[in-house]
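Working notes, beginning with the structure itself.
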Amino acid sequence: MTFEDFNFKAPLARAIKDAGFTEPSPVQQDAMPIVLEGKDIVAQAQTGTGKTAAFGLPIINMMEHNGDVEMVVIVPTRELATQVSDELFRFARNFNTSTATVYGGSSYSRQIKHINSAGIIVATPGRFLDLLNKGEISINPKYVVLDEADEMLDMGFLDDIKEIFTYFPSTRQTLLFSATMPKPIKMLAETILYRPEFVTITKTNTTNENIKQLYYVVE
């Protein structure tokens, strides 16, 4: 299978080609058809297996790119928010759709300004919930993604996530990605997802097994 088999819209296909992507990873190959069918999904896969593209490419393909916030991705850390936002922007820029990155420790006004001109928000739970509670933003995303859900559980964000979802429309498509599936994550999935499909990528199927990490001591 190649990315051409998904028949993505021309602007997205061009971005995929520019990124040098040819064959989808296991999680992309299994998850993307489900997402394109409009179904909720719970995907268990390790970090580094291509999860951002697994949810980002099909959602960007389905978006109307009409200037409204259509996709929200919730991630545990500022570093991951920046990384995911950059990758989604690379995929969506041919549609003239921008991303807004929302996390603590940065200017409220600047982030709100970016949200007002973005089609995609990538946010950490604390700052995002703060903006929603204060009425600083009002959005109705069609697509909501929880990325690294088990990490957010470990960091104590579970209650924040539950509250965030009270601000979202019930007609949304919801995607949950996690490296592990502890009981609280399974219970969360039962609460916020509607009849989800399940994808599990075992360790033997991951794409990052052959990556070598080297370091050099510079004196």
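Tabulated results
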{"item": "Residue order, fewest to most beta carbons within 10 Å, for GLU148, GLU23", "result": "GLU23, GLU148"}
{"item": "Cβ-based exposure ranking for THR124, THR174, THR200, in which fewest neighbours within 10 Å come first", "result": "THR200, THR174, THR124"}
{"item": "For the chain, diffusion coefficient by Stokes-Einstein and Kirkwood Rh (Cα), 4 °C, 1.567 mPa s, µm²/s", "result": "73"}
{"item": "Cα→Cβ-extended label distance, 7 Å offset, between THR2 and ARG90, nm", "result": "2.0"}
{"item": "Those GluC sites (Glu not before Pro) in the range 1-65 that DSSP places in a loop and that have at most 15 other beta carbons within 10 Å", "result": "GLU37, GLU64"}
{"item": "Filter on LYS113/LYS162; LYS17/LYS183; LYS17/LYS39 - keep pairs with C-alpha separation over 31 Å", "result": "LYS17/LYS183"}
{"item": "Two-site label geometry, ASP159 and ARG78: point separation in nm, points 7 Å out along Cα→Cβ", "result": "2.4"}
{"item": "Estimated distance in nm for a label pair at ASN116 and THR200, the labels positioned 7 Å out from Cα along Cα-to-Cβ", "result": "4.8"}
{"item": "Gain upon complete extension [ASN66, LYS39; 0.36 nm per residue less C-alpha separation]", "result": "7.5 nm"}
{"item": "Given charges at beta-carbon only (K, R positive; D, E negative), |dipole| of the range 24-201 in Debye", "result": "280"}
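Computed from the coordinates by the stated procedures, all read-outs in this text should not be read as laboratory data. Just so we're clear, the structure is a prediction, and the values are computed from it rather than from any experiment. A quick note on method: Cβ atoms are made from the backbone with ideal geometry, for glycine too, and the neighbour counts reach across all protein chains shown.
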